Every structure is written in structure tokens, then in C-alpha cells.
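Here's the structure, in C-alpha cells; my notes come after.
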């Protein structure tokens, strides 16, 4: 027989919880639940209720107070529970209504349900004197200690919050003007500040209800005892002793039923208003903060444990209890100290040079990268290459590399992750960019890398790599020390590695610049040019600015003059801020720096080829707006054939072509498609007050 149908839908023992979603039901009808609950509480003041209903509302009082207490333990900051003042008012009203309802039942029927009777008989053992003492002590603790202290803290918190509003408001406005936050973020910050202000003001007033509730409990207890004695003796014919026992036990039970939830709510209010979450707290609950902060100094824990063990030696003191508490503290202290020592040993030397610019994480020396994580710049080393590195020297070289990138290109250092890879050859290393192998080389311990002309470098050894060197070879340090030829350059293991990393960073600079790195550059520039950064962020968001900077780097244009780039972006009209237009204006703004790279500083000329005007106009006419709004140049078949004939010819003697700014990026793309790395400069980018163009060829001329 074949089974058909849904297995889940045909399960006979399907849980009622999966059939009815109570959380969704309460969330959907929360407004009705609050309204009905308040009406029911008000009904307790007027309508006589049976013992079962009274017990039900007492259970609700206990449940609500315990829920409030447990919730405050997991709140990171007081303002996160903005409804707490309203909850205080509602629960206080519930307890006062229960006090009135129970008072009517005690005086009318000489009983008040199972819970009040149980508290009177079981909690105080049926002893009137004990019950009165317990009730008075509990009420005094709540009124004098807990409620008064929480009220004072709430009052001070409200005062300091209100006093700090102008300063915090000005801080938000300053961040908005400097471009640190967007207008939407500023609106959210102002709303949060307003909500926090209302919260502390409301909480300050709501704490007065808690203090009044404690006083009301004492008054209700006195009324119940006096009224109960009068009614029991005068109307029920009870003896004084019977009336005193009956009504006092019920009154004490009623008082405890009211005071215990009130005390729990007061404690939860005190916890909430005294909550100060740690800024570096990973988990926001109170228990985690307490444990982390108390165990910062393991020696203090050990001293407390030793003191408890010493107390166990005092005659008459319970030995087992003190020894147990002291032993636990001593064991905890020893464990904490061992863990701290192990962490210190595993860290070895710190290398801040490995950290990316603007980053908070300082990796450990030769830190391993967890599998699955992506590193912008990662260095995988074989076992011998790994051991060849010297942490202090490498850290210094990385600092120089960081400065070189910022000074020459204006690019933040992307950070470096080191990974010991046993799968590689022992002396081999591989540089990964965005998890893709980009370059490789060798590192040999106790050796020096000699680099120079192949005809002069006749040493035998392991081949190495050094940028812009015809040949590089690793030779022992002693042999390298005897080489005095100035044409042969020397480099230690760390120097050779960082030079190679520098070349990788220069070639991949555009890949290293993302939204986060752009934000770092804007923050640095905003220290001195705050208004410019604010206007630039309003004109183009950080993602768009990152795209502009990446395009410039891909075109081998340094972005160290970020001020000029932002000035150009701001000047672009609002409706024309495409990526192509912003990059074009930025290049024109950087024209002096760009042109200098192609100029002969002795004759102050720029030697370049130009396009025949007719062909240049024909190419420019093929530029159209793309799907994403960016211009594209799609040549017809005849134009493509002509471009192949012109640009596909031998251009080895031409290092630079000059055209107009609109056509420049499309011509550069055509040249790359034909396999040429000839640079293309826009005529608008050349400052003619400094340089003049020397035409060496006219491309496309008949």
C-alpha cells in the first residue's frame, strides 16, 4: 500500500503549539489585551469577585512581576525598555485593586482564597507574631531601601539626561555637518535622544507609584486587622483571640501577597535604572557583564577565597560552608590566571603593522586566518618561509609600506593576514588578493637577496624575486656581506617580502579601496576640511565616491589629493553626477599631477599623438547612454574595422595619445582591447600655462 499526503499534516500527535501560534495571536491583539486587562483591574475595585478569580489575578500579579524582573536582567540599556514606566503604573494599579478586593473578601467572608490563606498559614507557620514581624520587615525593606533607592537613582538619571540634551544634540548636529552621519542617521539619533528623555522623565514619576504602593500596603494591613477585629467580635460573635488569629493571619497573607510582587517590581526597577552596559560587551545581559568585570583581576578572587578559608578556622563558625565557598573562589582564581597566562603566551609579539588603516583589530604575530573568512591581502607561507620572518623587522617594513601607499597613491593599507600553509613548498610564499593567487616568491632563512644585472650577478643559489630587477638570487648572509659591488642591491628576508607586497599593492590598489576604506579617507580629510567632506557626501554617497576613487586608481591616477577630487565631485551639477562625469571632472582637477608624469621637465613639453579631427568626431558620435546611465561607445562594423587598421598598427613608438575628455576613457578601452598599454590624456587635463604639446603623429590621417 502506498502512502500519500503530507507527513506533517497527517501526524496524529501533532503538538498544539504548532497548531496555534500564541505569540502571533498576542502580538496581533496586544492593544485589545491591554485595554481588557485594565478594564478587568478596574472592575476589581467595584465588582465582588469569587475566590477563584481573586487567586487568578494574584497569579497574574506574581507572573507579571517575575517577567519584569527577568526582562531587566537581559536589557543592555534602560531606554531599551521604554514601556517600563507604563508597566510600573499598570502593575501598581493591579496590586491596589487586589488589595481592595481582598480586603472586601476578608471583612465580608473571613477568607480570601487559597493563595492568601496559604501565605498566612504556610509562610509564617500560623504564628501571628511571626507573621506581623515578617510583614513589617518586608514592607520596611521595600519602602526604606529598595523603592527609595530606585526612586533616587531614577531622579538623578532623569536630571542628568535632561542636562545632557543640549550637548548631545549639538554633537549630532556637528556629526551631520561633518558628514560623519547621514540626515537619516541624524533623524534616528534625535528620535532616540527624545525617546530616552521621555523615558527617564516618565520613570522618575512612575517610581513615586512604587513608594506609594509600599505605604498603601501598611495602611491596608492596619485597616484589615482593626476592621476584622471589629467585624469578627461585633457581627460574627467571635472571641477576641479567635478574631485576632483569623483576621491577622489573613491580613498577613494578604500583605505578603501584595508586598512580594511589589518588592520584585521595585528590584527590577532598581536594576533597570542602575544598568550600565559595557561598551565592549559581546552579550548584553547583566550576568555576563558582572562576571567579566569581577574576574578582570584573578588575584582579587583568590584573596577573597583565602579570606573565606581563614574564616572557617574561627571557633564556632561553620567550617564546611566557608571552606566550600573559599575553595570555589580559589579554584576559579587559579583557572583564570592559567587562562590569562596561556593567552599571553599564545599572543607572542604584537604586530600593529599588519592592521588595516582604520581597523580596530590588531592581529597577533603571524596570525592564522580562520577557514571561510576572506582577507583582502593574504600571505601564505611554507613552513621554512614562515620561520624565516623576524616579527620586529617585518613590523617595521610593513609600517614603511603603509606610508609608501598613502604618500604615493593615497590608498589606505588593506591590512595583512599571514597563514602558515604546510601544502606549499617549504621556502615558497604566495600572495593572495581577495583570496585569489596574485604573486609568488621564495624566502630563505639566514640568506640575503642579491638583485641586479644578470651579467654581473653570477652567484649560485635559490632564485628569488625583487620588483624591477633583472635577476635575484638568495645567498648566505656571510657571502652577501663580502659583496661590495654598488650595482648589486641587497635585501633581507623582510625587506624583500615587503618590496614584493608593495608591488602587489600598487598593482591592486583599486581592489583594496571599498566603501569602508573610502569612509576612512573621508574621516581623515574631514578633520581639516569638514565642510567639503559634508558637501561631497551630500552630492554623492560613500559608495559612489568609492567608485570614483577606484576608477582613478585603475587609470593609474593617484588619489592622494583627495581634496581636489571632492572639489570636482561637488562642482558636477546634480542631474549629471554619473560615474563617468565625476571621474572626468576629477581627472581635469588633477590635470597638473597627471600631466607631470608625461612631461619633459627640461623643455616643458608633452610629446603625444593626436587623432585626426574627423575620425575623432566620428568616434565621439558613437557614444551613447548605457542601461545604467553610464556612457558607452559601440562602434559599427565599418568604424571598428577602421579602428583596427589605425590602432592595430605598430604604436610602439607612441607612448601617449591626446584627445578630448569625453572620448578619452573609450579610446583607452579600445587600446586595451587591441593589446596596447598606451596612455590616453585629455586635452582638458593639460595645463597649457605650464606645458605645451609636441605632436609626434596624427592617428587616422589619410
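The values are calculated or read from the model by the stated rules, or taken from the named source; none is laboratory data. This is a predicted model, so every value here is computed, not measured. A quick note on method: Cβ atoms are made from the backbone with ideal geometry, for glycine too, and the neighbour counts reach across all protein chains shown.
Exactly one condition in (1) modelled with pLDDT of 85 or more; (2) out of contact with any helix residue (DSSP H, G or I) (no Cβ under 9 Å at 6 or more places or on another chain) is not met by residue 292; state its number.
(1)
Please indicate, with yes or no, whether at least one residue in region 519-533 is outside any helix (DSSP H, G or I), surrounded by fewer than 17 Cβ atoms within 10 Å (Cβ to Cβ), free of Cβ contacts under 8 Å to residues at least 60 places away in the same chain and within 31 Å of the chain's Cα centre (by Cα). I'd like the intermediate steps shown before the answer.
Narrowing region 519-533 to residues outside any helix (DSSP H, G or I): 527-529.
So of that shortlist, the ones also surrounded by fewer than 17 Cβ atoms within 10 Å (Cβ to Cβ) come out as 527-528.
From what's left, free of Cβ contacts under 8 Å to residues at least 60 places away in the same chain: 527-528.
This time we only want the ones that are within 31 Å of the chain's Cα centre (by Cα), so: 527-528.
Yes, there is a match, as at least one residue in region 519-533 is outside any helix (DSSP H, G or I), surrounded by fewer than 17 Cβ atoms within 10 Å (Cβ to Cβ), free of Cβ contacts under 8 Å to residues at least 60 places away in the same chain and within 31 Å of the chain's Cα centre (by Cα).
Among (1) touching a helix residue (DSSP H, G or I) at 6+ places or on another chain (Cβ under 7 Å); (2) in contact (Cβ under 8 Å) with a residue 40 or more places away in the chain; (3) in a helix (DSSP H, G or I), there is one condition residue 104 misses while meeting the rest; what is its number?
(1)
Take the residues in region 445-472 that are within 15 Å of residue 428 (Cα to Cα) and under 41 Å from the mean Cα position of the chain (by Cα); name whichever of them is surrounded by the fewest Cβ atoms within 10 Å (Cβ to Cβ).
445
Does residue 659 satisfy the condition of being at pLDDT 90 or above and under 26 Å from residue 569 (Cα atoms)?
Considered against the rule, which asks whether it is at pLDDT 90 or above and under 26 Å from residue 569 (Cα atoms), residue 659 comes out as yes.
Give me the residue from region 592-602 that is in contact with a strand residue (DSSP E or B) (Cβ under 8 Å, 6 or more places away or on another chain) and not in a strand (DSSP E or B) and, out of that set, nearest to residue 537 (Cα to Cα). Show your work before the answer.
Going residue by residue through region 592-602, those that are in contact with a strand residue (DSSP E or B) (Cβ under 8 Å, 6 or more places away or on another chain) are 594-595, 598-600.
If we keep only those that are not in a strand (DSSP E or B) as well, we get 594-595, 598.
On the way: 594: 25, 595: 28, 598: 32 Å.
Here the answer is 594.
Given the options 350, 323, name the one that is modelled with pLDDT of 85 or more and surrounded by 12 or more Cβ atoms within 10 Å (Cβ to Cβ).
Step by step, each of 350, 323 is checked, and only 323 is modelled with pLDDT of 85 or more and surrounded by 12 or more Cβ atoms within 10 Å (Cβ to Cβ).
Please work out if residue 437 is in the same structural domain as residue 466 (by TED's automatic domain parsing), in contact with a strand residue (DSSP E or B) (Cβ under 9 Å, 6 or more places away or on another chain) and under 26 Å from residue 515 (Cβ atoms).
For residue 437, the condition - in the same structural domain as residue 466 (by TED's automatic domain parsing), in contact with a strand residue (DSSP E or B) (Cβ under 9 Å, 6 or more places away or on another chain) and under 26 Å from residue 515 (Cβ atoms) - is met.
Residues are listed down the side, and each one gets a yes or a no for (1) under 17 Å from residue 383 (Cα atoms); (2) in a loop (DSSP other than H, G, I, E, B); (3) modelled with pLDDT under 95:
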{"position": "424", "(1), (2), (3)": "yes, yes, yes"}
{"position": "431", "(1), (2), (3)": "yes, no, no"}
{"position": "455", "(1), (2), (3)": "no, yes, yes"}
{"position": "460", "(1), (2), (3)": "no, yes, yes"}
{"position": "478", "(1), (2), (3)": "no, no, yes"}
{"position": "485", "(1), (2), (3)": "no, yes, yes"}
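The rows are residues; the columns are (1) within 28 Å of residue 160 (Cα to Cα); (2) surrounded by 13 or more Cβ atoms within 10 Å (Cβ to Cβ).
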position	(1), (2)
185	yes, yes
220	no, yes
236	no, no
242	no, yes
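Could you tell me whether residue 632 is on the phi < 0 side of the Ramachandran plot, free of Cβ contacts under 8 Å to residues at least 40 places away in the same chain, surrounded by 14 or more Cβ atoms within 10 Å (Cβ to Cβ) and not in a helix (DSSP H, G or I)? Can you show your working first?
Values: on the phi < 0 side of the Ramachandran plot: yes; free of Cβ contacts under 8 Å to residues at least 40 places away in the same chain: yes; surrounded by 14 or more Cβ atoms within 10 Å (Cβ to Cβ): yes; not in a helix (DSSP H, G or I): yes.
Considered against the rule, which asks whether it is on the phi < 0 side of the Ramachandran plot, free of Cβ contacts under 8 Å to residues at least 40 places away in the same chain, surrounded by 14 or more Cβ atoms within 10 Å (Cβ to Cβ) and not in a helix (DSSP H, G or I), residue 632 comes out as yes.
Suppose we keep only residues that are assigned to a loop (DSSP other than H, G, I, E, B) and free of Cβ contacts under 8 Å to residues at least 12 places away in the same chain within region 654-701. Which one would you say is surrounded by the fewest Cβ atoms within 10 Å (Cβ to Cβ)?
Ranking the candidates gives 689 first.
Would region 679-694 turn up any residue that is at pLDDT 90 or above and farther than 30 Å from residue 576 by Cβ? Lay out the reasoning, then the answer.
Of all residues in region 679-694, those at pLDDT 90 or above come to 679-694.
Subset that is farther than 30 Å from residue 576 by Cβ: 692, 694.
Looking for residues that are at pLDDT 90 or above and farther than 30 Å from residue 576 by Cβ, one finds at least one in region 679-694, hence yes.
For region 603-629, name all the residues that are assigned to a loop (DSSP other than H, G, I, E, B), over 30 Å from residue 563 (Cβ atoms) and within 49 Å of the chain's Cα centre (by Cα).
Answer for region 603-629, where residues must be assigned to a loop (DSSP other than H, G, I, E, B), over 30 Å from residue 563 (Cβ atoms) and within 49 Å of the chain's Cα centre (by Cα): 622, 626, 627.
Is there a residue in region 167-178 that is modelled with pLDDT under 75 and surrounded by 15 or more Cβ atoms within 10 Å (Cβ to Cβ)?
Checked against the condition, which is being modelled with pLDDT under 75 and surrounded by 15 or more Cβ atoms within 10 Å (Cβ to Cβ), region 167-178 yields at least one hit.
I'd like to check something: does region 193-201 contain any residue that is without any contact (Cβ under 8 Å) to a residue 40 or more places away in the chain and not in a helix (DSSP H, G or I)?
Within region 193-201, none of the residues are without any contact (Cβ under 8 Å) to a residue 40 or more places away in the chain and not in a helix (DSSP H, G or I).
Conditions first: (1) in contact with a strand residue (DSSP E or B) (Cβ under 7 Å, 6 or more places away or on another chain); (2) assigned by TED's automatic domain parsing to the domain that holds residue 564. Residue 504 passes all but one, so which condition is the exception?
(2)
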